[in-house]
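So the structure is just underneath, and the comments pick up after that.
Read-outs: derived from the displayed coordinates by stated rules, not from any lab. Given the structure is predicted, the values throughout are model-derived calculations rather than measurements. Please note: Cβ atoms are built from the backbone with ideal geometry, for glycine as well, and neighbour counts cover all protein chains shown.
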């Protein structure tokens with residue numbers, strides 16, 4: 001099934017549901033049709049907005065308590081990764097036809113359920129509610145009538161104690177009968193099953209809904225136990241134990257149980273509570289039961305679909321891991337070649353900017369390939385930011401550099417204004433540039449050829465503000481709330497608009513939030529252009545420091561290193577770098593050649609690729625460790641496979657360390673130098 005199929009199941013299935021993103025803003029990702037009908041809202045009102053922006057804390061104390069309780073419940077779900085069931089909460093509604101001052105008193109029974117990935121991370125939270133208004137009101141009526149019955153008993157006692165006349169007795173009896181009829185009418189008109197057990201476990205009261213479910217008259221049912229009414233033995237025995245427990249502990253008991261009645265096999269949620277007498281003793285056990293079959297079916301459908309999605313995710317992860325490996329192979333010689341150019345001598349004034357641009361773009365591509373292995377983080381918002389001090393002008397420049405080909409191809413005019421005085425941010429330069437490049441790409445795609453795009457960056461108090469404006473197709477007012485929802489794409493009104501997954505703006509907003517900022521959109525409507533505004537907290541200027549010269553790095557003087565890789569370009573370029581750094585290098589193109597070279601060459605370090613045809617790196621490492629246990633050779637995996645499972649397998653095969661292609665040369669040089677200073681511990685470094 002596709003994501004659209006799942007979306008339809010979620011929206012059209014029974015039950016009142018919200019689907020929430022699992023980060024602290026709790027963005028609403030989806031909503032069921034029943035929820036919309038029950039709360040007088042529309043999908044445009046909710047989807048893409050933060051939960052507590054929609055359901056804000058009002059001044060009314062009862063509603064304020066409800067919102068506060070939901071905040072606490074969601075926080076518990078994030079902390080425990082477990083379902084959190086809440087007691088009934090009051091949250092009133094405004095029917096569309098009512099005046100602002102008129103509210104509909106409503107009670108809700110909320111449950112917050114996390115959906116977990118294979119690794120145990122929360123993918124999303126299902127917020128389910130049931131309208132509990134009738135149940136709460138029935139309980140209130142029951143409590144009031146119970147108090148009235150106690151009062152009536154006291155009055156009857158007073159009648160007999162004081163010898164009131166017959167006329168007075170008849171009046172009190174008539175009043176009591178009227179109260180009983182009110183009580184009976186209220187309980188008989190609720191869809192829930194309401195009943196009372198006496199202390200012998202016999203039904204002393206059953207409302208109309210329960211009698212109908214049993215298919216019995218009042219005379220046939222009252223005074224009977226569960227087993228006498230046809231309950232299965234295990235079911236009757238369970239309720240007998242629960243009744244005794246309620247009487248002994250004076251505390252409620254709640255559970256779910258299947259039962260076959262006149263409407264077939266159904267699942268019921270029930271609660272037993274003690275009924276206290278005037279002297280404080282338990283005189284009966286009252287219960288209410290609700291049919292939750294449809295709710296359970298909806299929950300099971302969601303669980304089944306979640307399992308299918310997990311299966312799809314596993315297949316996706318395998319594909320992405322393979323794709324990342326294949327992309328890293330050509331990236332390794334590219335990065336190695338850039339390092340060789342830098343080692344050969346500083347570039348002249350003409351080529352230096354080109355060299356820096358190539359280095360930035362290769363590094364950017366490396367980061368994007370890394371993200372292919374963690375695509376699930378897009379929905380969970382769990383990117384690991386690599387923060388440093390960066391100037392806002394640098395962020396703008398890097399983003400423009402990425403988006404310039406698309407802007408130039410469309411013939412757009414690009415106007416850029418950045419502060420002359422540096423405005424510093426504490427953030428991940430690549431991610432910040434990614435946010436802005438996404439906005440620039442959208443502006444280019446949704447603006448007809450020859451349009452105008454403007455980037456304005458400035459400081460506003462304690463915030464850095466970057467605004468991207470265009471004179472393109474604009475955004476309809478009803479579409480604005482959905483712009484940052486996952487899988488939402490703009491209307492293809494522009495000749496240049498292109499398809500996509502619809503995750504760009506959702507990801508951009510989440511990245512902004514992870515930096516402590518915000519990302520918002522505005523438009524005057526279709527054909528009037530749009531403006532996206534990124535706000536980020538300003539940081540202090542960085543401390544002045546000088547980068548260590550390349551010559552300060554430890555030399556690898558005559559260190560014997562065996563490079564094993566079936567990608568000849570990657571092996572040769574790495575070999576040239578290591579020789580430049582002073583190492584003695586041999587190269588093997590596959591596992592058998594490496595095993596043949598190893599005994600006589602006796603390398604201090606083996607840099608070994610894993611994903612080689614025939615004999616892979618795991619087998620080569622195991623063979624070296626078993627054949628030459630006395631040798632203190634360090635074996636380093638230099639591979640495109642870098643997931644946790646790959647690291648575990650590498651450790652078991654005898655690797656001392658694992659580096660993901662393309663390796664950072666400074667990090668590799670430092671690691672090799674450390675092997676020269678100490679015997680390897682033959683233990684893979686933690687991922």
*Compute the length gained on full extension between residue 53 and residue 224: take 0.36 nm times their separation in residues and subtract their Cα-Cα distance, giving the result in nm to one decimal.*
56.3 nm
*Which of the peptides 24-36, 403-415 is most tightly packed, and how do the rest follow, going by the mean number of other Cβ atoms within 10 Å of each residue?*
24-36, 403-415
_Could you tell me the calculated FRET efficiency between residue 312 and residue 92, based on Cβ-Cβ distance and R0 = 30 angstrom, to the nearest 0.05?_
0.15
*Separation between the residue 250 and residue 344 pseudo-spin-labels, each 7 Å from Cα along Cα→Cβ, expressed in nm?*
9.0 nm
*Mind giving me the FRET efficiency for residue 45 and residue 631? R0 is 60 Å, r the Cβ-Cβ distance, nearest 0.05 is fine.*
0.30
*Express in nm, to one decimal, how much length is gained between residue 266 and residue 648 on full extension, taking 0.36 nm for each residue of separation and deducting their alpha carbon distance.*
132.7 nm
*What FRET efficiency comes out for the pair residue 673/residue 602, r = Cβ-Cβ distance, R0 = 22 Å, nearest 0.05?*
0.70
*Rounded, prolate or oblate: which fits the range 550-677 when a ≥ b ≥ c are the square roots of the eigenvalues of the alpha-carbon gyration tensor, with rounded for a/c under 1.5 and prolate only if a/b beats b/c?*
rounded
*asked:* Cβ neighbours within 10 Å, averaged per peptide: list 514-522, 77-85, 429-437, 652-660 in order, most packed at the top.
replied: 429-437, 652-660, 514-522, 77-85
*How big is the range 383-545 in terms of Cα radius of gyration and Dmax, in angstroms?*
15.3, 51
*asked:* Multiplying the sequence separation of residue 666 and residue 541 by 0.36 nm and subtracting their Cα-Cα distance, what value in nm do you get?
replied: 42.4 nm
*Rounded, prolate or oblate: which fits the range 414-466 when a ≥ b ≥ c are the square roots of the eigenvalues of the alpha-carbon gyration tensor, with rounded for a/c under 1.5 and prolate only if a/b beats b/c?*
oblate
